[in-house]
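Values in this text are rule-based calculations from the coordinates and carry no lab data. Model, not experiment: these values are computed from the prediction. Ideal geometry is used to build each Cβ from the backbone, glycine not excepted, and the neighbour counts take in all protein chains shown.
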Amino acid sequence: MEVRHLGRSLPLGEERIEILKDINFAIPAGEFVTLMGPSGSGKSTLLGCITGLDSPSSGQVFLNGIDISSMRESQLAGIRNRTVGMVFQAFNLIPTLTARENVEVPLYAGSWKGSPGARSEELLGLVGLSHRLEHRPSQLSGGEQQRVAIARALATQPPLLVADEPTGNLAAAQGKEILDLLWELKEQLGTTLVIATHDLSVSQYATRMLQLADGELVGDHPGPRATPA
Ligand SMILES: Nc1ncnc2c1ncn2[C@@H]1O[C@H](COP(=O)(O)OP(=O)(O)O)[C@@H](O)[C@H]1O
Ligand SMILES: [Mg+2]
């Protein structure tokens, strides 16, 4: 994916506040990217623009070489379904559905070619939840709910997984399990990961570290797990 001269502003009374200012970076496939920055620095807004949930005020966002920044919602929905998986701090599972059914949702929405039931079971196995298929979110721990959310995000085999503070609602030990799992999935599936966080321990996993401050990209460095050149 690539971001070129990305800006995002919002009207505030007579003026506009600039939330993101001239952001530029490109991420090759297979990286584990952390997007660090204090609360309010623009991390969630940037992820929103990358995933097409939010529209930039200026600049462009390319996913697999396709400029999504000027697309209409009708076109975008299909691209999002196939190209980007999303994981959130609060898990955002549907409370009335079982783990298996939650993972099936994007498969039905995007008309997956194979059997949604079999695919869902395969994914829940991959995240270590084969024994929790028929549990509802309220019957699962926070860490287990986040595993279901990761399985759901990967259901349509997207090349890119974007996570916004994925460990923010978890105890440290559960958070570490989730990060170990995300790393393993990246290695196994080749998925590119972009993780926004203000938790410094997440950066131990990074092959690449982006740093935001006040809506500006102030750092772009190799992480501790970068492949040596
Ligand atoms: N819909 C909105 N209306 C007004 N201000 C917003 C809106 N969304 C975000 N902001 C502001 O933009 C800045 C960046 O927010 P955000 O992207 O959520 O930062 P982060 O995820 O790094 O905490 C904050 O100052 C926030 O108050
Ligand atoms: Mg945020």
Once label points are set 7 Å from the Cα along Cα→Cβ at both ASP180 and GLU18, what is their separation, rounded to one decimal in nm?
4.4
Where Rh denotes the Kirkwood radius from the mean inverse Cα pair distance, what is Rg over Rh for the range 46-127?
1.02
SER111 and SER70 label points (each 7 Å along its Cα→Cβ direction) are spaced in nm at 2.8
Tilt, helix 116-126 to longest principal axis of the chain (alpha-carbon atoms), in degrees rounded to tens, equals 80
So for R0 = 22 Å, FRET eff. of VAL218-ALA29 from the Cβ-Cβ r, to 0.05, ends up at 0.30
GluC sites (Glu not before Pro) restricted to DSSP loop in the range 87-185 with at most 13 other C-beta within 10 Å:
GLU134
Run the Debye formula on the Cα coordinates of the range 7-98, all scatterers equal and no solvent, and tell me log10 I(q)/I(0) at q = 0.15 1/Å.
-0.71
How long is the gain from HIS131 to ALA90 if the chain were fully straight, where each residue apart is worth 0.36 nm and the alpha carbon distance is subtracted?
12.5 nm
On a straight-distance basis, which lysines could pair with LYS43 in a cross-link, Cα separation under 19 angstrom, same-chain partners fewer than 8 positions away excluded?
LYS21
List the relative contact order of the chain as a percent without decimals, with contacts defined as Cα pairs under 8 Å and 6+ residues apart.
28
Cα pairs beyond 17 Å in the range 80-175, in percent, come to 45
How large is the dipole of the range 1-134 about the Cα centre if only Lys and Arg carry +1 and Asp and Glu carry -1, each at its Cβ, rounded to the nearest 20 debye?
160
Highest mean packing first, using Cβ neighbours within 10 angstrom, the peptides 204-215, 148-159 sort as 148-159, 204-215
Residue span SER9 to GLU187: 0.36 nm per residue of separation minus Cα-Cα distance leaves a gain in nm of 60.4 nm
Neighbouring Cβ atoms within 10 Å as the yardstick, rank PHE32, PHE25 fewest first.
PHE25, PHE32
Report the net charge of residues surrounding THR167, where surrounding means a beta-carbon distance below 9 angstrom and charges are Lys +1, Arg +1, Asp -1, Glu -1.
-1
Taking Rh as the Kirkwood radius computed over C-alpha pairs, what is the Stokes-Einstein D of the range 35-76 at 25 °C in a medium of viscosity 0.890 mPa s, expressed in µm² per second?
222
Using alpha-carbon coordinates, inclination of helix 172-189 to the longest axis of the chain, degrees
90
Size of electric dipole in the range 86-160: Cβ of Lys, Arg +1 and of Asp, Glu -1, about Cα centre, debye, nearest 20
80
per DSSP, antiparallel bridges as share of beta bridges in the chain, % nearest 5, sits at 50
In µm²/s, what is D for the range 142-229 at 4 °C and 1.567 mPa s, where D = kT/(6 pi eta Rh) by Stokes-Einstein and Rh is the Kirkwood radius from Cα pairs?
94
Let me know the whole percent of all Cα-Cα pairs from the chain that are separated by more than 27 Å.
33
Could you give the distance between the Cα centres of the range 3-43 and the range 145-206, to the whole Å?
20
For the chain, what does -39500 (n - 2.57) per DSSP helix run (n ≥ 4), summed and divided by total residues, give at 222 nm, in deg cm²/dmol to the nearest 500?
-10000 deg cm²/dmol
